[in-house]
Amino acid sequence: MTAAVAARPRTLTRRLLPLQFGVALQGLILWVPIEKLFMTEIGFDAASVGAMAAAYAAVVPLLEVPSGILADRWSRSWTLIFACVALVVSSLIGGLSHNVITYVIAAMILGIYFACSSGTLDSVVYDTVVEETGSNELYEKWIGRIRAVESAAFVLSALAGGVLAQYTSERFTYFATVPLVGLAIIGFLRFNEPRLHKAAERVSLRSHIALTFRTMIASRIVLRVLLLVATAGLLSQAVFEFGPLWLVAVAAPAVLYGPYWAALVSTLGVGGLLIAKLNLERRLLLAILIILSLATALSLSWTRSLAVLVTAQVLLALALAIIGIHASRLLHDAVPSAIRAGVSSGAGTLTWVLFLPFSLMFGWVARENGVYRSGFMLAGAVVVVGTLLIVNVRASGGVAPVEVAATAKEEAVEVAEAKQELACKQLVELVADYLDEALTPEMRARFEEHLAGCDGCSTYLRQTQQIIAGLRDLSAAPEKVEAPQPESTE
Amino acid sequence: MKISIARMITNLAARGRAFGNRFAWWSLWFPPATTVDADRFQSDGDAYPDHWKEFPRPWPVGQGVESEALRAALAALPDRWRRVVILRDVEGRPAAQVSTATGLSAEQQRDVLNRARELLREDVGRAFEQHSGRS
């Protein structure tokens, strides 16, 4: 066997391995747990923290869609690598900062990292799964696994970062992050990127951008799913952002914050692993998920018990993680590969756009009436997410992928009928129909007439028949070929 | 080694094109992909639009398809396509039986078969050329 032949049959698992490696290392951002501490040390106060958040919030939504379009047109691996480079630069500048200005610059570069990596990763996973297996069935399982790897890395870095800062210095955690993220680049370099999004014909940048936006706005199906993804994202962002406020309200001991945060972050991974076992097309399960989210959101407004509060938040985050992954699948199902990362990033932008007024309002209500009252806003958001989820799942008719669209063949038949002539380009679409004797009598006559006068097509047909004969012989060969079972796609 | 990598990439690209056609909604946005690369045919401005630019190169006479090359090409197909090809072409089952096993209509099976056989034909043809190049 030649090297070329041996290297070709790649399984999905092997192919996604370098990607997981990259994601894991990219998640090891050691300075995250001590960032606020470090910031106060270099002279941040409440007002400048707010200014930094604003600068950050301005960068991310502005860059999201352009970075997605970049990923679609250029390369998704390289966009992920570019994100890593931004993270490295940001960590270096952050670690070297001695004042507010340079740290704000670092935060804005971190925004580039977030914009480039969000939307790109799930698009790349979706396309790889489709390219390897010819179906989208395993997408949720794999994106779940990758989210689990990512959240494990987050948890690990949250714990390790604190320890590292204790024994060295806060500044050192920034520099320690750099080599880890650098290694992640190697993972992304080694990843064999799917070519699905390059399959469609190249179009000009302008029409590509127009197409991306038109798809997001003009198609009702896409718009509906986009809203679902964005509101689910908004809600889970709100839980992560404001959840700790409840702990403050009940004066939870400081030592609890670490494990609490770890539990919250790990729901992203647990949810990812769980979704492979769940079939969200089942109505009962969907209903349980929505009721669970609503009950937990409401209990945040009623109870003062710390244990119940933490449990409710963790369960809510878990339900939202599951809903979020399912929603992202619905979104990918609805858009073509060539604009996948662009539209997916559009969902990210919409999340930010919705989150800004939501968080301002939440903050205002929490200050005026206490965090318990603003908890009703979460319940309200759950109702919106639940409604959108039901509408979308129902509209998608239980996500059944369209198997095979015989469009090229249909077009060939149309052309042949319009021109009253069968050319080579149309003939090759009809070979299987010809061999199965499924052509109409007049089309068959035209087919044979063309064959009689065309050496190229005669060769083509003869070679196809040789292939079929060769395949038939394989069944008699000593090492018999077995048909793969539908489940054996891994 | 470099050549084999280049080949892997062209193979993937070829397969990507074939995939482009498998999702009905894609055709809402993009013109459908074809079984054989559209570049292999003359375009509207040429002498014979829609006819081969260059005929498929004939294979050596009197030589059957090498089972090793065919096996390798088969292994490179996406699982679902391979399943249809094996049931229909290797095991020679009738379309109706394959329909119950895969849920694909006879029409859909033909569409898969047409594209899959073309990928196999391309791969096997390349193997023939590699051999003649070596000897």
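The values are calculated or read from the model by the stated rules, or taken from the named source; none is laboratory data. On a predicted model such as this, the values are computed, not experimentally measured, just so you know. When we count neighbours, we look across all protein chains shown, and the Cβ atoms used for this are built from the backbone with ideal geometry, even at glycine.
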Take the residues in the range A:337-364 that are over 13 Å from the mean Cα position of the chain (by Cα) and β-branched (Val, Ile, Thr), then tell me which one is nearest to the other protein chains (Cβ to nearest Cβ).
A:Ile339
Does B:Val124 qualify as being out of contact with any Cys (no Cβ under 6 Å at 6 or more places or on another chain), part of a loop (DSSP other than H, G, I, E, B) and within 7 Å of chain A (Cβ to nearest Cβ)?
no
Take the range A:254-285 and flag every residue that is assigned to a helix (DSSP H, G or I) and loosely packed, with under 12 Cβ neighbours inside 10 Å.
A:Ala254, A:Val255, A:Pro259, A:Leu284
From the list A:Arg220, A:Arg195, A:Arg214, exactly one residue is at pLDDT below 85 and either closer than 30 Å to B:Arg82 by Cα or away from chain B (no Cβ under 14 Å) (or both). Which is it?
A:Arg195
Tell me, yes or no, whether the range A:421-437 has at least one residue that is at pLDDT 80 or above, more than 10 Å from every other protein chain (Cβ to nearest Cβ) and not in a helix (DSSP H, G or I).
yes
Read through the list (1) outside the structural domain of A:Arg329 (by TED's automatic domain parsing); (2) modelled with pLDDT under 85, then give the number of the only condition that A:Ala395 fails.
(1)
If you go through the range B:51-73, how many residues are assigned to a loop (DSSP other than H, G, I, E, B) and either modelled with pLDDT under 85 or more than 7 Å from chain A (Cβ to nearest Cβ) (or both)?
10
Determine if the range A:126-136 includes at least one residue that is crowded, with 22+ Cβ neighbours inside 10 Å, more than 14 Å from chain B (Cβ to nearest Cβ) and in contact (Cβ under 8 Å) with a residue 40 or more places away in the chain.
no
Of all residues in the range B:97-117, which are assigned to a helix (DSSP H, G or I) and more than 7 Å from chain A (Cβ to nearest Cβ)?
B:Gln97, B:Val98, B:Ser99, B:Thr100, B:Ala101, B:Thr102, B:Ala106, B:Gln109, B:Arg115, B:Ala116
Among the residues listed as A:Ile29, A:Ile81, A:Ile34, the single one being at pLDDT below 85, among the aliphatic types (A, V, I, L, M) and buried (at least 19 other Cβ atoms within 10 Å of the Cβ):
A:Ile34
State whether the residues of the range A:370-386 include one that is closer than 20 Å to A:Thr231 by Cβ and modelled with pLDDT under 85.
yes
In this structure, does A:Leu121 turn out to be of a type in the set (A, V, I, L, M, F, W, C), crowded, with 22+ Cβ neighbours inside 10 Å and more than 14 Å from chain B (Cβ to nearest Cβ)?
yes
So which residues in the range A:451-466 are within 12 Å of B:Trp59 (Cα to Cα), surrounded by fewer than 17 Cβ atoms within 10 Å (Cβ to Cβ) and hydroxyl-bearing (Ser, Thr, Tyr)?
A:Thr459
B:Val85 buried (at least 22 other Cβ atoms within 10 Å of the Cβ), part of a loop (DSSP other than H, G, I, E, B), without any contact (Cβ under 8 Å) to a residue 60 or more places away in the chain and of a type in the set (A, V, I, L, M)
no
Given (1) closer than 20 Å to B:Gly125 by Cα; (2) of a type in the set (S, T, N, Q); (3) modelled with pLDDT of 75 or more, identify the lone condition not met by B:Ser43.
(1)
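Residue-by-condition table, conditions (1) touching a residue at least 40 places away in the same chain (Cβ under 8 Å); (2) within 19 Å of the chain's Cα centre (by Cα):
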| site | (1), (2) |
| --- | --- |
| A:Trp261 | yes, no |
| A:Thr267 | yes, yes |
| A:Val270 | yes, yes |
| A:Arg282 | no, no |
| A:Leu285 | no, no |
| A:Ile291 | no, no |
| A:Ala297 | yes, no |
Within the range A:452-465, track down each residue that is in a helix (DSSP H, G or I) and within 13 Å of another protein chain (Cβ to nearest Cβ).
A:Gly453, A:Asp455, A:Gly456, A:Cys457, A:Ser458, A:Thr459, A:Tyr460, A:Leu461, A:Arg462, A:Gln463, A:Thr464, A:Gln465
Check A:Ala483, A:Ala469 and return the single one that is at the interface with chain B (Cβ under 10 Å from one of its Cβ atoms) and modelled with pLDDT of 90 or more.
A:Ala469
Return yes or no: is A:Ser328 more than 14 Å from every other protein chain (Cβ to nearest Cβ), buried (at least 24 other Cβ atoms within 10 Å of the Cβ) and not hydrophobic (A, V, I, L, M, F, W, C)?
yes
Within the range B:38-59, tally of residues that are over 17 Å from A:Cys457 (Cα atoms) and touching a Phe, Trp or Tyr at 6+ places or on another chain (Cβ under 8 Å)
0
Given the conditions (1) in contact with an Asp or Glu (Cβ under 8 Å, 6 or more places away or on another chain); (2) within 17 Å of A:Asp473 (Cβ to Cβ); (3) free of Cβ contacts under 8 Å to residues at least 12 places away in the same chain, every one holds for B:Glu91 apart from (1)
Conditions (1) in the same structural domain as A:Thr387 (by TED's automatic domain parsing); (2) over 18 Å from the mean Cα position of the chain (by Cα); (3) not in a loop (DSSP other than H, G, I, E, B) -> A:Ala251 fails only (3)
